[in-house]
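The structure appears below as structure tokens.
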Amino acid sequence: MVEHIKFGTDGWRGIIADDFNFENLRIVTQGVCQYLKDGARIQGDDPRIVIGYDTRFLSDRFAMAAAQVCAANGIDTIISDAVVPAPVVSSAVLHHKADLGIMITASHNPYYYNGFKIKGPFGGSATMDIIAKIEAEVKKVLKAGSFASPGSSDVQYRDLKSPYRRDIFNLIDRQAAKGSGLSLLLDPMYGAGRGMFKEIVEELEPKKVIEIHGQDNPGFGGINPEPIGDNLNDAASKVIQEALDMAICLDGDGDRIGALDKNGQYVSSHHIFAVVLLHLLEDRKLKGRVVKTVSTSSVIDRICKKHSAELKITPIGFKYIGEEILKGGVLMGGEESGGLWCHGNIPERDGMLMGLKLIEICSLHKKPIHRILDLIYGEFGYFTYQRQDYHITGSGKQLLISELKKNIPPPLKELGIEKVVTIDGYKYIAGDGSWIMIRPSGTEAVVRIYAESHSAKRLELMHGLGKKVIDGIMD
């Protein structure tokens, strides 16, 4: 039993059989139950919870363990009858009028991690106040050292996928997207979107659909199930080999997206954010605020400026975007790691929905994704973006933070830094608009370097200097 269990930017995660084990999972679940039993429920006398799980090792067993604790506490407990993406659980919270949702997943983390995401009664990532109250209850359980013993209490198995599938087609222009003539590759990265996303896309009757990495593989083929960089090499090769128009790639729990064009070139979440935002503003003539995390591309700032749209910048983590969505008036929100949200949806990121939006937009404009991006570059300037992760110890993180607090690291001064932003990390902005950000992760033993520039050469230089900063401090 650990002394404290802390939720990071997107729930509690840990290494399987180390800190993420059945005992700790039951402790966290008991904390959730006590939060609900103390009156934090949306209606009726009996609280209700929905539980889903992904394809990771033991996810189904962890989900059942959580369900049994909930049922033992007298909570009306619904559990998915199959592997489901995280957005499906969020949708099910609303469909079943539940007070909370639990998704057993570690999202894009390495295969040896698992995790525990909490969904609020509004159908999105739990807000900070909910998480804080649950953490307080978990502390009480840790102190008491006990939880409700799992018994033979009833747990209801339900099909969570069907209602979601009905809803998702109400969020796109199905007529515009149908019969697009596109040939598509879908890569669920061995994750929870396997099979399901292909079935949804096939209802739009594209010219061709191929799915890869749809088999059972809890090791994710030796890569992290995050749709970025070298993780998509198989998808890039398949796109070129089959002469396909585009690849749509999902992360391990299906709430984040990446893409590839017909040449196998990476289309990042920043590019997708820009494409969908312009579609909403210019094609659909919609208005509203735009929300992005501090590590997201500056092209969003330029698009908002042109269209006089208010832009809100938040710390990293979709829960911060979700809080803004709940305030109302938001047109679109997104984060660097691929979590995007758009007008009309529940306050939850959804890789599958964003994939459908890309199909809709390409079909509407009768242009492949790389041609649409060329138009954006022509108007708002070319931009290239890269994130690199480096392993670091806990003490190393603290040392790095203390050094970054002091002043601009000497290696970065040659970039012409004119501004430093300290929202959830250290973001150094140069006079030419390029920027580099150094941020220790809240959920993993890594420090991340994010950078954006107007050329690949300068981007490489910036990343090299960022790595020099880390190495210098560690040495």
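Tell me, which helices (runs of 4 or more DSSP H) wholly within segment 128-236 include 1 or more residues that are without any contact (Cβ under 8 Å) to a residue 40 or more places away in the chain, open to solvent by 30 Å² or more (accessible area, probe 1.4 Å) and farther than 30 Å from Y35 by Cβ? Before the answer, list the steps.
Values: elements: 128-144, 161-168, 174-177, 196-202.
The qualifying helices (runs of 4 or more DSSP H) are 161-168, 174-177, 196-202.
Scanning segment 422-437 for any residue that is more than 20 Å from the chain's Cα centre (by Cα), assigned to a helix (DSSP H, G or I) and surrounded by 14 or more Cβ atoms within 10 Å (Cβ to Cβ) turns up nothing. For S298, state whether it is open to solvent by 10 Å² or more (accessible area, probe 1.4 Å), without any contact (Cβ under 8 Å) to a residue 24 or more places away in the chain and more than 23 Å from G355 (Cβ to Cβ). No: the conditions fail for S298. Taking first residues from segment 336-360 that are within 17 Å of P315 (Cα to Cα) and partners that are among the basic types (K, R) and surrounded by fewer than 24 Cβ atoms within 10 Å (Cβ to Cβ), the Cβ contacts under 7 Å between residues at least 6 apart in sequence or on separate chains come to E336/R387.
Table: residues versus (1) in contact with a strand residue (DSSP E or B) (Cβ under 7 Å, 6 or more places away or on another chain); (2) modelled with pLDDT under 95.
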site	(1), (2)
K208	yes, no
Q215	no, no
P218	no, yes
I228	yes, yes
L232	yes, no
D245	yes, no
D251	no, no
R302	no, no
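Consider segment 278-298 and keep the residues that are assigned to a loop (DSSP other than H, G, I, E, B) and not β-branched (V, I, T). The one that is nearest to the chain's Cα centre (by Cα) is S295. Candidates in segment 374-388 are the residues that are open to solvent by 60 Å² or more (accessible area, probe 1.4 Å) and under 18 Å from the mean Cα position of the chain (by Cα); of these, the one that is nearest to V469 (Cα to Cα) is Q388.
Number of residues in segment 42-91 that are farther than 18 Å from D350 by Cα, open to solvent by 10 Å² or more (accessible area, probe 1.4 Å), not in a loop (DSSP other than H, G, I, E, B) and not hydrophobic (A, V, I, L, M, F, W, C) equals 5. Could you go through segment 299-313 and let me know if any residue there is closer than 27 Å to D253 by Cα and not in a helix (DSSP H, G or I). Checking segment 299-313: at least one residue is closer than 27 Å to D253 by Cα and not in a helix (DSSP H, G or I). Among the residues of segment 359-372, not one is under 11 Å from H271 (Cα atoms), surrounded by fewer than 20 Cβ atoms within 10 Å (Cβ to Cβ) and aliphatic (A, V, I, L, M).
Conditions tested, residue by residue: (1) more than 21 Å from I223 (Cβ to Cβ); (2) surrounded by 24 or more Cβ atoms within 10 Å (Cβ to Cβ); (3) not hydrophobic (A, V, I, L, M, F, W, C).
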position: Q241; (1), (2), (3): no, no, yes
position: I248; (1), (2), (3): no, yes, no
position: L280; (1), (2), (3): yes, no, no
position: K285; (1), (2), (3): yes, no, yes
position: K305; (1), (2), (3): yes, no, yes
position: S308; (1), (2), (3): yes, no, yes
position: P315; (1), (2), (3): yes, no, yes
position: E323; (1), (2), (3): yes, no, yes
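Based on this model, can you work out whether D261 counts as open to solvent by 10 Å² or more (accessible area, probe 1.4 Å), touching a residue at least 12 places away in the same chain (Cβ under 8 Å), on the phi < 0 side of the Ramachandran plot and touching a Lys or Arg at 6+ places or on another chain (Cβ under 8 Å)? No, not satisfied.
The values are calculated or read from the model by the stated rules, or taken from the named source; none is laboratory data. The structure displayed is predicted, hence computed values, not measured ones. FYI the Cβ positions are ideal-geometry reconstructions off the backbone, even for glycines, and counts take in every protein chain you see. What goes into the accessible areas is simple: the full protein's heavy atoms, side chains included, and nothing from ligands, DNA or RNA. Shrake-Rupley method; radii C 1.70, N 1.55, O 1.52, S 1.80 Å.
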